[in-house]
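The values are calculated or read from the model by the stated rules, or taken from the named source; none is laboratory data. Please read all numbers here as calculations on a predicted model, not as lab measurements. Heads up, the Cβs are rebuilt from the backbone with ideal geometry, glycines too, and the neighbour counts pull from every protein chain shown.
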Amino acid sequence: MARISRMQRLASLPFASPTPSSTRLSLAACRTAISTPSTTRAASTGWLGKKLWKGEPSGPKDAHTQLAAPSNLPDEALERLPADSLPEAILHSRLPLPPKLREVTPEADAAADDATYVPATDISELVETSPLNTWWDQPGHWGEESEFRGFASVEKVTDKSVMEVYLRQATIEALSLRQQQESLPSAAGWVTKKWREVSRSDLDQILAAELVVKNGQASVGLGDAALIAQRLVVEEAQAEAEAEAEAEAEAEVQDEVQAQADVKDESIEAEIYEDAETNGVAARITPEEAQVMVKAWDASWKDVVVDEQLKFAIRKRIFQTTGVLVSDARLGAARTIKHILTLAVKKPTPPKLATLLEERGVFQELPNFKLHSRKLGPIDRETAVGRWKVIEQELQKRGLPVTGTAGLPMNKERHRMEGKVA
């Protein structure tokens, strides 16, 4: 057989294995290579440093051996103080939070602090502490002052005439505060302050104020503007007191309504309306009343040009009285009162598509179209053609459930496909 001349004969194992001295030499060389950089690497670094920096390169020569810069701060400032893990809002909250740790006073200390202290001799004499899950139900932990009071009205106005009435109210109030901001100290910063909610009698006086419109600009009579501005703007302390009084008045009215809910009499409704008027709770305007008011006004007031300050104030007041919020993106395109009215009037979207199609009446003229309030299933389709009674009788003859599984196990093939059955 021909042989390859370049290949040598296999060497035996003792001659091919390295000597102990060569092993020690290779390990020492590895240590040297790890601890000290090679000349090639140093030369490359030096060449790169010369290209990057004109003089000496910035930074430490050896980052591992560089010491930290000395500090002039005292030792107390360098020490890290223990920080509380609770958020700052909870730390400064007025709510009484449950304690993290409950400590019991020893008997000797309790006797020293209270001369009438008598230790308990039976388990029934011990004071029972409430569990943590009833913390907010205990008196003094969560009261009426802690309940949320929304800024906007709960009932949203959808009628166009009612919205126009409240829009005119907001316009007159904003113009009155702007005119009186220099003469009335409490009217300063009127745009960002919270305005008082007015009663029905005050609302009628505001709507009856003289509104002069000329060349796209509007103004309120001086006497009416001063009276309206004094009633609207309140200080923070007074606003909190009024909010508490309004909450109490609303609670009293609600209690009266609940107590007399079964009695349906017009006299009771009149009494509740009078209570709302005396307590300062704003009474709602009906669409019929709003239509009469709108017809009596001149339509030129809706052509008043509004700037950014007026738009913000009117939008905020509308949100407070009607519950309708005009978004900033849509409000930026408004230039007049009429534009704001168009943006504020929006019909509520029906919850179902069938309701929307029924209101529009688009497909009612089609002979082969029928509108359903829910999705049709196989039982509905079989019932429509008259086959469901026959199917139901045949299922009952065979002892099979008409609907559902009647406690029978599900399809075993499905369990096998899902990997639940081997």
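Among the residues of the range 200-213, those identified as over 16 Å from Val162 (Cα atoms) and touching a residue at least 60 places away in the same chain (Cβ under 8 Å) are Ser201, Leu211, Val213. Of all residues being of a type in the set (S, T, N, Q) and touching a residue at least 12 places away in the same chain (Cβ under 8 Å) in the range 321-354, which is farthest from Gln169 (Cα to Cα)? Just the residue, please. Residue satisfying both the conditions and the ranking: Thr336.
Annotation: of all residues in the range 94-125 being among the hydroxyl-bearing types (Ser, Thr, Tyr) and under 48 Å from the mean Cα position of the chain (by Cα), the one that is modelled with the lowest pLDDT is Thr105.
So that you can scan it fast, the table gives a plain yes or no per residue for (1) under 30 Å from Gln230 (Cα atoms); (2) surrounded by fewer than 10 Cβ atoms within 10 Å (Cβ to Cβ); (3) outside the structural domain of Val233 (by TED's automatic domain parsing):
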{"residue": "Ala83", "(1), (2), (3)": "no, yes, yes"}
{"residue": "Pro99", "(1), (2), (3)": "no, yes, yes"}
{"residue": "Val104", "(1), (2), (3)": "no, yes, yes"}
{"residue": "Thr116", "(1), (2), (3)": "no, yes, yes"}
{"residue": "Asp122", "(1), (2), (3)": "no, yes, yes"}
{"residue": "Glu147", "(1), (2), (3)": "yes, yes, yes"}
{"residue": "Glu164", "(1), (2), (3)": "yes, no, no"}
{"residue": "Glu173", "(1), (2), (3)": "yes, no, no"}
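For the range 277-305, filtering for residues that are within 22 Å of Thr158 (Cβ to Cβ), in a helix (DSSP H, G or I) and at pLDDT below 90 leaves 1. Consider Glu182 carefully, then state whether it is exposed (fewer than 15 other Cβ atoms within 10 Å of the Cβ) and assigned to a helix (DSSP H, G or I). In short, no.
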